[in-house]
1. Quick check on segment 61-155: what does the Kirkwood estimate of hydrodynamic radius come out to from the alpha carbon pairs, in Å?
2. Which length gain, in nm to one decimal place, applies between residue 55 and residue 76 when the Cα-Cα distance is subtracted from 0.36 nm times their residue separation?
3. Say R0 is 41 Å: what FRET efficiency, to the nearest 0.05, do residue 114 and residue 85 get from their beta-carbon distance?
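Bear in mind these aren't lab numbers, they're just calculated from the coordinates by the rules spelled out. This is a predicted model, so every value here is computed, not measured. Don't worry about glycine lacking a Cβ; one is built from the backbone with ideal geometry, like all the others, and counts go over all protein chains shown.
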Amino acid sequence: MAALTGLPVLCRRGFKPLLNTSFLLRPLLASRRASEPPLALASQFHVSHQHSAGSRAASLHWTSERVVSIALLGLLPAAYFCPGAIVDYSLAASLTLHSHWGFGQICTDYVHGDTQLKLAKAGISILSTVTFAGLCYFNYHDVGICKAVAMLWSL
């Protein structure tokens, strides 16, 4: 009741004093008995386990993922306007790396168990290596990625 008595006085001063933390917490602290344990006004709740990295490896990995994604945005128009060997090999490397990181995140999120996760990651590494080797072979011995896509569009 004492808090309600002071409310008209605060309302005359404007809305801002109503949000003052001491005004909001004073009734809670006054109603607490001395025998009760102190109130936990702020608690932290974490759903997943927090990993503390000893280095900046995670930050650099995240940054490199974003750099490759942005590079792909520039490589796709470059492949259309000026096809060539440099663009072909750049596409082979960036597409393979982008898909490798994407499949790795899918495995991390959806594959459970240490053994299954290690097998899935090994499978992704093998698949990425074979994909990159196949794209490089295609670029060297055939028309290349850019010309192949142009030939598909001309059908």
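1. Working: mean 1/r = 0.0686 Å⁻¹.
After inverting the mean inverse Cα-Cα distance, the result is 14.6 Å.
2. That pair, residue 55 and residue 76, stretches by 4.2 nm at full extension.
3. Working: r = 42 Å, r/R0 = 1.03.
For R0 = 41 Å, the calculated efficiency reads 0.45.
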